[in-house]
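The values are calculated or read from the model by the stated rules, or taken from the named source; none is laboratory data. Because the structure is a prediction, the values reported are computed rather than measured. Cβ placement follows ideal geometry from the backbone for every residue including glycine, while neighbour counts extend to all protein chains displayed. We work out accessible area using only protein heavy atoms, side chains counted, and drop any ligands, DNA or RNA first. Shrake-Rupley method; radii C 1.70, N 1.55, O 1.52, S 1.80 Å.
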Amino acid sequence: MEFGWFDRTMKPGFALSLSSEGIAFLRRAAGGWRNIGKVPLSHPDLPRALADLRIAGEALAEGGSTCCKVVIPNDQIRYLTVETGTADAPTRREMAKKALEGATPYAVADLSFDISEDGPLTHVAAVARETLEEAEGFALEHGFIPASFVAVPGDMDFLG
């Protein structure tokens, strides 16, 4: 899943995966992603360990750029499914907005969300904008270049 404000044609060569256990740095490779390394949040020198990850990525990068997708953890995303029938995409988005009202502790205006159509159903994935801002700030603080936000829905019904 990719959240709506960025250029969807952009394909960064790296991904910075955030979770409550730690931070993983991945490199795009044939057939998927390869793990460059992972740092637990409990690491005694987290900034240094993250710098080492970034430096390892730069050594692998063409041109040295670690432009990356930032993977938002699923526990920060609200997934839901809405029955939308055969509505067109703009109508489905409006129906998703209505379904999000009260579904999170945030006002809909404070959420970024994406939808995926599945016949008469529309799957919704929403995240607080402040969560995206925090993730972007964390990446920048540690020298990574965030290009977009994504999620890995796993067992969720969200397609994409």
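Of the residues making up the range 55-68, those that are surrounded by 15 or more Cβ atoms within 10 Å (Cβ to Cβ) and touching a residue at least 60 places away in the same chain (Cβ under 8 Å) number 3.
One residue stands out in the range 13-54 among those that are in contact with a Phe, Trp or Tyr (Cβ under 8 Å, 6 or more places away or on another chain) and more than 19 Å from Ala135 (Cα to Cα): the one that is least open to solvent (accessible area, probe 1.4 Å), namely Ile36. If the condition is being part of a strand (DSSP E or B) and either farther than 20 Å from Gly119 by Cα or of a type in the set (S, T, N, Q) (or both), then the range 81-107 contributes only Thr81. What are the residues in the range 120-137 that are touching a strand residue (DSSP E or B) at 6+ places or on another chain (Cβ under 7 Å) and either in a helix (DSSP H, G or I) or more than 26 Å from Asp88 (Cα to Cα) (or both), if any? Arg129, Leu132, Ala135, Glu136, listed by residue number. Candidates Thr66, Thr86: the one that is among the hydroxyl-bearing types (Ser, Thr, Tyr) and over 19 Å from the mean Cα position of the chain (by Cα) is Thr86. Cβ-Cβ distances below 8 Å connect the following pairs, each with a first residue in the range 81-96 that is open to solvent by 90 Å² or more (accessible area, probe 1.4 Å), a second residue that is part of a loop (DSSP other than H, G, I, E, B), and a separation of six or more residues or different chains: Glu83/Pro120; Thr86/Pro120.
Going by the conditions given, is Val152 in a loop (DSSP other than H, G, I, E, B) and either open to solvent by 30 Å² or more (accessible area, probe 1.4 Å) or closer than 19 Å to Ser20 by Cα (or both)? When the stated conditions are applied, Val152 passes them. The conditions of being within 25 Å of Lys11 (Cβ to Cβ) and open to solvent by 70 Å² or more (accessible area, probe 1.4 Å) are not met by Ile77. A count restricted to the range 34-48 and to residues that are free of Cβ contacts under 8 Å to residues at least 60 places away in the same chain, in a helix (DSSP H, G or I) and under 22 Å from the mean Cα position of the chain (by Cα) stands at 1. Here the condition is being of a type outside the set (Asp, Glu) and touching a Gly at 6+ places or on another chain (Cβ under 6 Å); of Pro73, Pro120, it holds for Pro120 alone.
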